[in-house]
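The values are calculated or read from the model by the stated rules, or taken from the named source; none is laboratory data. This is a predicted model, so every value here is computed, not measured. Note: ideal-geometry Cβ built from the backbone for every residue, glycine included; neighbour counts use all protein chains shown. Note: areas computed on protein heavy atoms with side chains; ligands, DNA, RNA excluded. Shrake-Rupley method; radii C 1.70, N 1.55, O 1.52, S 1.80 Å.
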Amino acid sequence: MTQSRRHATHEVLNQVPPLVGYDVADDAALLGAVRREGCDWAESELHELGLLAGTAATQEQARLANVSKPVLRTHDSRGYRIDEVDFHPSWHQLMGTAVSHGLHAAPWADGRPGAHVARAAKFLIWTQAEAGHGCPISMTYASVPALRHNQDLAARYEPLLTSVSYDPGLRAPEGKAGLLAGMAMTEKQGGSDVRANTTTAAPAGDGSYLLTGHKWFCSAPMCDLFLVLAQAPEGLTCFLLPRVLPDGSRNAMYIQRLKDKLGNCSNASAEVEYDAAVAWPVGEPGRGVPTIINMVSATRLDCVLGSAAAIRQATVIAASYASLRQAFGTPLIDHPAMTGVTADLTLESEAATTLAIRLAGAADRAARGDAAEAALLRVALPAAKYWICKRTPMITAEALECLGGNGYVEDYSPMPRVLRDSPLNSIWEGSGNVTALDVLRALTRTPDSADALLAEIDLAGGDPRAAAAGASLREVLKEAQGQDGQRQARRLAGQITVTLQACLLARYAPAPISDAFSSSRLGTDGASGSSPGPVTGPGTPFGSLPDGLDLAAILARSVVTAR
Ligand SMILES: Cc1cc2nc3c(=O)[nH]c(=O)nc-3n(C[C@H](O)[C@H](O)[C@H](O)COP(=O)(O)OP(=O)(O)OC[C@H]3O[C@@H](n4cnc5c(N)ncnc54)[C@H](O)[C@@H]3O)c2cc1C
């Protein structure tokens, strides 16, 4: 028989194997930060999760969860409304892993100092497996501090929220082995300005309220419990609304449709309506915003962690690919222009991870009553959320380009998925302007926060560039406290973050990293447009590092070899 030659026209050459079989936790910046923040006890758990995140099986789960979109089932076969969302089994596998490793609310039941840091590090690692399912995981984590404003509800539900059992399905919360929580604030007329919410809450006479209205964004609508804002007679109030009532009947929460959205396809984001849905007040009636802000603060930390994860994942994929792919007879990474790009991306990753875990440490100590750490977090968290989340799309787009055309191809690497999802953390839980304005609010309403920030920055005083950046920030903060500087809010948030990052790297990172970061990101303001010509600095495209840096030492932090 004659053999067909149609499939033998050429030999496949110079293709880089998939990056599987590596330990995602093998990240020197992350592990160093985790040790400093007092939870080296978690290191073996981080490696266990890191190895799992790097397997081909997990990457396949992530792929399948994103190609098989969740489907809304409004009615059952007999016409009864059920408002259920069906997910691919891979979604449930990812969720099961996240919950069983305590990435959701588990640290609230863990008295060990550093428990929140361990959870933050795990979240940073496991997000590199798949980002979409992190949404209900984050919201569940963040719901607990808000829920604690109602001791009865916390006593009833916190043990189930912190349980490490994943138990999906439409059943009464009380009978489940573990619960998930979502949040519903945003309405059609506005999400930043939640005081404009129109959903009403009428007292039912038994301590509960009946909510009527809509929410324009309600992600992960298959959660068991939701923290919802609505207008009670006393004013805007935070409520806990279960999807299924304690007697097993469905609450009057109707999923109108799922959003067809940019970003991950694994998670569902819904539009919902309440038609006299039963809910219980959380916190003082009329004080809904101060109550739910406890949840917002925790989810903002996850936005920073999630973005640091995307930056690390994209950088590792780019640098590792460039170390194997040849062009013009030489590995890409050895071409000076590409060495500069991948080293520059590595600096962003080191800085984002180092600051994210420092903030997780502050959150851990603040949760245990440390006022100075709470003050630092109050200003540094919105600043970091603004800056790091906003830079993530630029960083992931640059990393994608390191793979050339292969970067654009869905089944070649997770890079297209990472890029598509990258703007999200900057939008939700306070879009860029709103978060930057929150930095101003922190400085004016919580004067201790500026002191705590400057005290942290002063710790790097031995480094002349960090000291100069700290002095410059001190002057800017003085001016900011005395005026309505809304137009400068973004600039200030950026300066706070970059100064903090430079100071942390000066104290803790290997010299090649901190030298390169300070010399490229401090002192020259590429974002302002006031400096003529091509400049370095945080506003310029990547790959414009100054000469004389130890780029090989920098790249050693992000090139990964599969086992
Ligand atoms: C995928 C996805 C999932 C989401 N999931 C949820 C969810 O589960 N629950 C939920 O409640 N919400 C959710 N949201 C909504 C999200 O939190 C809001 O979109 C966000 O808070 C912004 O609100 P908005 O869309 O109404 O924009 P607007 O408030 O209309 O803001 C539009 C723009 O104006 C800017 N702006 C607003 N106020 C000011 C000001 N004072 N000065 C200067 N600029 C300003 C904002 O920064 C933004 O850029 C989700 C959003 C997305 C994209």
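Label the chain by shape, choosing from rounded, prolate and oblate, from the square roots a ≥ b ≥ c of the eigenvalues of the Cα gyration tensor; if a/c is under 1.5 it is rounded, and otherwise prolate applies when a/b is larger than b/c, oblate when it is not.
oblate
The Cβ shell under 14 Å around residue 163 holds other residues with a net charge of -3, Lys and Arg each +1, Asp and Glu each -1. Using C-alpha pairs under 8 Å with a sequence gap of at least 6, the mean separation divided by the residue count of the chain gives a relative contact order of 13 percent.
Taken one residue at a time, the phi angles of the stretch 349-360 give Karplus couplings (6.51, -1.76, 1.60, θ = phi - 60°) of 5, 4, 5, 5, 5, 4, 5, 4, 6, 4, 5, 5 Hz. Gly and Pro are set to x.
The calculated FRET efficiency for residue 170 paired with residue 262, based on their beta-carbon distance and R0 = 35 Å, is about 0.80. The stretch 20-97 and the stretch 461-502 have Cα centres separated by 37 Å.
What does the C-alpha gyration tensor say about the overall shape of the stretch 222-380? Classify as rounded when a/c is under 1.5, otherwise prolate if a/b is larger than b/c, or oblate.
Numbers: a/c = 3.97, a/b = 1.85, b/c = 2.15.
Cα axes put the stretch 222-380 in the oblate bin.
Averaging the sequence gap over all C-alpha pairs within less than 8 Å and six or more residues apart, then dividing by the number of residues, gives the stretch 1-138 a relative contact order of 27 percent. Taking amide H positions as modeled 1.01 Å from N, with prolines and chain starts lacking one, the residues under 5 Å from residue 183 and 5 or more places away or on another chain are 219, 227. Reducing the stretch 170-191 and the stretch 330-402 to their Cα centroids gives an inter-centroid distance of 30 Å. Based on DSSP H segments of at least four residues, each scored -39500 (n - 2.57), the chain has a per-residue ellipticity at 222 nm of -16000 deg cm²/dmol. In this simple spin-label approximation, residue 411 and residue 451 carry label points 7 Å from Cα along the Cα→Cβ vector, and these lie 6.1 nm apart.
Using 0.36 nm per residue, how much length does the chain from residue 324 to residue 57 gain when fully extended, once their Cα-Cα distance is taken away? Kindly include the intermediate steps, with their values, before the conclusion.
Details: separation 267, 0.36 × 267 = 96.12 nm, distance 2.29 nm.
That pair, residue 324 and residue 57, stretches by 93.8 nm at full extension.
Between beta-carbons, use under 15 Å as the cut-off and find the net charge around residue 180, counting Lys and Arg +1, Asp and Glu -1. Surrounding charge for residue 180 is -3. Fully extending the segment from residue 92 to residue 71 would add 6.2 nm, taking 0.36 nm per residue of separation and subtracting the current Cα-Cα distance.
Solvent exposure of the stretch 175-330 amounts to 33 Å² per residue of accessible area, where only protein heavy atoms count and the probe is 1.4 Å. Looking at the square roots a ≥ b ≥ c of the eigenvalues of the Cα gyration tensor of the stretch 6-108, which shape do they give, rounded for a/c under 1.5, prolate if a/b is larger than b/c, or oblate? It comes out oblate by the Cα gyration axes. Summing charges over all other residues whose Cβ lies under 11 Å from the Cβ of residue 110, with Lys and Arg as +1 and Asp and Glu as -1, gives +1. For residue 327, the residues whose modelled amide H falls within less than 5 Å of its own, excluding neighbours fewer than 5 places apart on the same chain, are 332.
Please compute the contact order of the stretch 60-218 in relative form: average sequence separation of alpha-carbon pairs under 8 Å and at least six residues apart, divided by the residue count, as a percent.
It rounds to 16 percent for the stretch 60-218.
Expressed as a whole percentage, what fraction of the accessible surface of the chain belongs to carbon and sulfur atoms when a 1.4 Å probe is rolled over the protein heavy atoms?
Working: 12130 of 22560 Å².
Percent of accessible area from carbon and sulfur atoms in the chain: 54.
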